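Below: the structure, in structure tokens.
The values are calculated or read from the model by the stated rules, or taken from the named source; none is laboratory data. The shown structure was predicted, so the numbers you read here are calculated from the model rather than taken from an experiment. Note that each Cβ is placed from the backbone with ideal geometry, even for glycine, and that neighbours are counted across all protein chains shown.
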Amino acid sequence: MSDLLVEPSSTSHAQRVIGGLLRSREIAVLSVLVALILVTTFKSHGFLFSSTGWRDLLLTPSLLLILAVGQTVVIITRNVDLSVGSILGLTAYLTGKLFSDHPNLPIVAVFVIGMLFGAALGLVNGVLVAWGKVPALVITLGTLYIYRGAFLTWAGSDRINASDLPKDFLKLGTQQVLTIPVLTIIAATVLVVVGYVLYTARSGRELYAIGSDPDAADLYGLPVTRRVLLAFVTSGALAGLAGIVYVARYGTVSSGAGSGIELQAVGAAVIGGVAIFGGSGTVWGAAIGAFLLVTINRALPILGISDFWQQAVVGALILAAVVLDRVLTLRQERQLVEARDR
Amino acid sequence: MNETYQSTTSTPVLELEDVQKSFGAVRALRSGALRVQAGSIHALVGENGAGKSTLVKIVAGVHRRDAGVFRFKGEDVDFGSTADSKAAGIAVIYQEPTLFPDLSVTENIFMGRQPLRSGRRIDRGAMYAEAKSLFDRLGVDLDPRRLARGLSIADQQIIEIAKAISLDAGLLIMDEPTAALSGVEVERLFQVARGLRDEGRGLVFISHRFDEVFALCDTVTVMRDGDYVGTDVIAETTVDALVSKMVGREVGDLFPKVEAPIGDVVLQVEGLDRAGIFHDVSFEVRAGEIVGLAGLVGAGRSEIARAVFGVDSYDAGAVRLSGKPVKKHDPRAAVRAGIAFVPEDRRKQGLVIQESVARNVATVIRRGLASAGVLTGRAETRASGPWAAKLHVKTSALDMAATTMSGGNQQKVVIAKWLATEPRLLIIDEPTRGIDVGTKAEVHRLLSDLAGQGMAILMISSELPEVLGMADRVLVVCEGRITAELSRDEATPERVMHAATHRDDKEALPA
């Protein structure tokens, strides 16, 4: 009866899950990450097996991980958010100001205010993209400069120092629970929550649908504008959270805070298998990508590779990820055309 | 289900009366009408541009009507979005299936309406099970977990139908669903459609293939030029009666081609073949001759033209210009050989829309104009002036941006651009699409003049009057093959339409 191009698979569910895992980008990038850590640890045992080594391994990527998760939500909808670095900087400065001007403010309240502030900046992006019908690349490139400019105007040559901040807050930056840094736990919580929503909520699945084919999403009657708005607000809120984490981690904020990190966030997502044209990829992959990017930067000096090459390696990774995707897609398409003409 | 089953006196599922819709100055629908009864399959037929798709899009909530009556299940409705129409129980299967390639077929069916568990979580188990039972019911063996990417068109349509069933749609509209299907697949689709009809749903079936219309449908509505022409019970009408209703238009108001002496063979195409696109295409175009390439949208006419010009490659065959072979898949070689190509979408493919008229006219010949590699605006203006004047391009100055001009003038600029290369063959795809009636005649006069000067012209057109009025010879393409070659005297609307809708070499359809 059926006349299928591609035979339905006769494999069991378990086989399919295992096969899917073996082919998944997440596993591939994770393997690279593990190999990198092993090689570096072999060269210098302290990289993994000292208390600071272990802590830094987990702590350093936390910031980028949060941004990469937010970036993934946006990229999935076939958009991009380049303003996250500036949002991070602005929120970091706001956090410092809140603590120095209102020393009695509870830390939780600062977290809430910071994330709401980031969400508001994200909303501006979302509104411009959703109603302006201008590519997100251009819109967020514009707001990148506007937010950074607002930051410079507001802060001037002022900077936030550790002495302006409450001790409890600074402790968050170094505190560990069962050897796991608190900031890492925050990042992991964000990852799990967003990952869960994307996988199992209707709104999450609709983000994938919109990125997969925006025109089809319109014809399907999906609330495209609302969802795109939601993606940018999420990204903004997470960039705000990253700003607070930045202050807790470094204890100091100058006007350059977060500058350039937006491209690392995009890079982490791309390396982690998030398709730049939307519709596919997971936050898990992006998180591993963020881990890999940060860890490479820490590992290469230990392996005796110069600064210049560190940047080049990151670039090569991104290119390799994109080329790999392209090759796989082309191969798949060719197979399908052959099947059709058979 | 019996109470909803067809009876001519019951309230129709869908009623459209005197529906109007304009896009800017273009009136896509003057007076559209359609009545669909529950438990019946209704065919909607008409030439390209008759307004069928616009009518469907109004029902689907893509467009909003300007005026007219629109009732669904007896109630007046006015859908502001596709979501509204879907919520009311209308499912539309578009010509090109609209699926999300990166998601599983199951998610494609249930997107936005997934079954939920506690905490508003998607119940994947239930969703896959439901998809499986839908596929079983439709008699297809599809893995509910596979991605939509790479599905054949037939299977994509099955997904769309599964979507419609799971919506429990009272009305299902299928816009040329069989265009890309093989005989077996068409049969499967028809079985499904009849099953849905017998459940008491209303179906609208848009098709150019009369054999299918007669095999499947109960009633038929004909549209022409945005107007409702008439509705018949299938059993009481014939193909000829439908065709004459569809065409019923005079060829008179167009500028007819002036007789020109026909010269030597300029273009010779032999056995051109491209897998899945066109097959064994052979024809000639002589100097002074206009050859019309007629057929339905999607029949492969533009693809043949693109292959001749070298934009696309082909698998087998040869193209010769004045006896000399033209290198395949090399548009620059084609230009050097003397071929000019005016594409279908002039704004996107024919013009640098923001640039000046002079610059546009000079694009193809820019190498010859440049001195020492530098191309000056003055040289462009000097070179393009005579051509623009010759074609009466109405721009006060040559440095006006092309985007500000009317469609007719834009088309003339594109033609001027190519005339500057002094081609021997002009391939022109839909020469007057989107051009107002007055300017149409001017474009036609221009083509006629060019043929009179000995140029060979290959004209693709979906407008029958244009083909019949302009072409010395008509080649009809149906599904990638040339199904008829008609001289000017032999070419009647009925014969062209017949050839455009019948692929004689394919398997017969099931009754």
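Within the range B:93-107, work out how many residues are more than 8 Å from every other protein chain (Cβ to nearest Cβ) and not acidic (D, E). Please lay out each step first, then the result.
Applying the first criterion (more than 8 Å from every other protein chain (Cβ to nearest Cβ)) to the range B:93-107 yields B:93, B:95-97, B:104-106.
With the extra rule that they be not acidic (D, E), the set shrinks to B:93, B:95, B:97, B:104-106.
Matching residues across the range B:93-107 total 6.
Filtered by the rule that a residue be more than 9 Å from chain A (Cβ to nearest Cβ) and among the charged types (D, E, K, R), the range B:131-152 gives B:K132, B:D136, B:R137. Looking across the range B:91-112 at every residue that is in contact with a helix residue (DSSP H, G or I) (Cβ under 8 Å, 6 or more places away or on another chain) and among the charged types (D, E, K, R), the one that is surrounded by the most Cβ atoms within 10 Å (Cβ to Cβ) is identified as B:E107.
For the range A:223-275, the candidate set comprises residues that are crowded, with 23+ Cβ neighbours inside 10 Å, out of contact with any Asp or Glu (no Cβ under 8 Å at 6 or more places or on another chain) and hydroxyl-bearing (S, T, Y); within that set, the residue that is farthest from the other protein chains (Cβ to nearest Cβ) is A:Y246. Taking A:A257 and the conditions (1) in contact with a helix residue (DSSP H, G or I) (Cβ under 6 Å, 6 or more places away or on another chain); (2) in a helix (DSSP H, G or I), which numbered condition does it fall short on, given that it satisfies the others? Result: A:A257 fails condition (2) only. When restricted to residues that are of a type in the set (S, T, N, Q) and either part of a strand (DSSP E or B) or more than 20 Å from the chain's Cα centre (by Cα) (or both), the range B:277-320 contains 2.
Conditions (1) free of Cβ contacts under 8 Å to residues at least 12 places away in the same chain; (2) farther than 16 Å from A:V253 by Cβ; (3) not hydroxyl-bearing (S, T, Y), marked per residue:
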| position | (1), (2), (3) |
| --- | --- |
| A:L152 | no, no, yes |
| A:I160 | no, no, yes |
| A:I180 | no, yes, yes |
| A:T189 | yes, yes, no |
| A:L198 | no, yes, yes |
| A:T225 | no, yes, no |
| A:L229 | no, yes, yes |
| A:V233 | no, yes, yes |
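Determine, yes or no, whether A:D168 is more than 14 Å from chain B (Cβ to nearest Cβ), surrounded by fewer than 18 Cβ atoms within 10 Å (Cβ to Cβ) and free of Cβ contacts under 8 Å to residues at least 60 places away in the same chain.
Numbers: more than 14 Å from chain B (Cβ to nearest Cβ): yes; surrounded by fewer than 18 Cβ atoms within 10 Å (Cβ to Cβ): yes; free of Cβ contacts under 8 Å to residues at least 60 places away in the same chain: no.
No, not satisfied.
If you go through the range B:157-186 and keep only what is more than 10 Å from chain A (Cβ to nearest Cβ), within 22 Å of the chain's Cα centre (by Cα) and within 27 Å of B:G200 (Cβ to Cβ), you end up with B:Q157, B:E160, B:L172, B:I173, B:M174, B:D175, B:E176, B:P177, B:T178, B:V186. Filtering the range A:103-118 to residues that are assigned to a helix (DSSP H, G or I) and touching a residue at least 24 places away in the same chain (Cβ under 8 Å) leaves A:I107, A:V110, A:F111, A:G114, A:M115, A:L116, A:F117, A:G118. Between A:L137, A:L116, A:L121, the distinction of being over 21 Å from A:V190 (Cβ atoms) and in the same structural domain as A:S254 (by TED's automatic domain parsing) belongs to A:L137 only. Among the criteria (1) closer than 29 Å to A:L222 by Cβ; (2) modelled with pLDDT under 85, the one B:T11 does not fulfil is (1).
In the range B:144-155, is there at least one residue being in contact with a Lys or Arg (Cβ under 8 Å, 6 or more places away or on another chain), touching a residue at least 24 places away in the same chain (Cβ under 8 Å) and more than 21 Å from B:A91 (Cβ to Cβ)? Yes; the residues of the range B:144-155 include at least one that is in contact with a Lys or Arg (Cβ under 8 Å, 6 or more places away or on another chain), touching a residue at least 24 places away in the same chain (Cβ under 8 Å) and more than 21 Å from B:A91 (Cβ to Cβ).
In this structure, is A:T189 in the same structural domain as A:P106 (by TED's automatic domain parsing) and outside any helix (DSSP H, G or I)? Here the answer is no, as A:T189 does not meet what is asked. Across the range B:57-105, which residue is farthest from B:E176 (Cα to Cα) among those that are aromatic (F, W, Y) and in a loop (DSSP other than H, G, I, E, B)? Among residues in the range B:57-105 that are aromatic (F, W, Y) and in a loop (DSSP other than H, G, I, E, B), the one farthest from B:E176 (Cα to Cα) is B:F79.
Based on what the data block shows, is B:G183 assigned by TED's automatic domain parsing to the domain that holds B:S31 and in contact with a Phe, Trp or Tyr (Cβ under 7 Å, 6 or more places away or on another chain)? Judged against the criteria, B:G183 is not a match.
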